[in-house]
Amino acid sequence: MKAKKLHEMAILSLEDMKGQDIVSMNISKMSTIADFMLVVTATSSRHSRSLAEELVKRCKAEEVKVNMEGQDQAEWILIDMGDVIAHVMLAATRKLYDLESLWKFSPAK
């Protein structure tokens, strides 16, 4: 699946599961790890797991290889879909790490 289509599918999945404050960042010019990064807030640990599980389920249906970390604690779940990385975070964790601000920096020259 192409990066743009995977990105759109991931956003739809997070929206369908009522993820809050979804932020999408195109990081293709800043990093080689992925083309897009998503950050979404979950309302509880259970909601965090549900968001991640649904996204993984949809990826597997499209035969996209997925790696997931952090589902035990569920404060911050990382879903690596290759060209797209999603961070599902509880509000306090998201505020603490502030990934959106971190990725606004320009790459070193």
Averaged over all viewing directions, the convex hull of the alpha carbons in the chain casts a projected area in nm² of 6.4 nm²
Hey, can you find the accessible area per residue of the stretch 1-68 for me, probe 1.4 Å, expressed in square angstrom?
58 Å²
Area accessible to solvent at Val64, 1.4 Å probe radius, in Å²:
20 Å²
If you restrict to DSSP beta bridges whose two residues both lie in the chain, what percentage is antiparallel, to the nearest 5?
65 percent
At most 13 other Cβ atoms within 10 Å and a DSSP loop assignment: could you name the GluC sites (Glu not before Pro) in the stretch 52-109 that fit?
Glu62, Glu63
Tally up the carbon and sulfur contribution to the accessible surface of the chain as a whole percent, 1.4 Å probe, everything protein left in place.
51 percent
Report the charge-dipole magnitude of the chain in Debye, nearest 20, computed about the Cα centre from +1 at each Lys and Arg Cβ and -1 at each Asp and Glu Cβ.
220 debye
For the cross-link pairs Lys29/Lys57; Lys29/Lys60; Lys57/Lys95; Lys60/Lys95; Lys29/Lys65, which exceed 25 Å when the distance is taken from alpha carbon to alpha carbon?
Lys29/Lys57; Lys29/Lys60; Lys57/Lys95; Lys60/Lys95
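The values are calculated or read from the model by the stated rules, or taken from the named source; none is laboratory data. Keep in mind the model is a prediction, meaning the values are calculated, not measured. Note that each Cβ is placed from the backbone with ideal geometry, even for glycine, and that neighbours are counted across all protein chains shown. Calculation scope for accessible area: heavy atoms of the full protein, side chains included, ligands and nucleic acids excluded. Shrake-Rupley method; radii C 1.70, N 1.55, O 1.52, S 1.80 Å.
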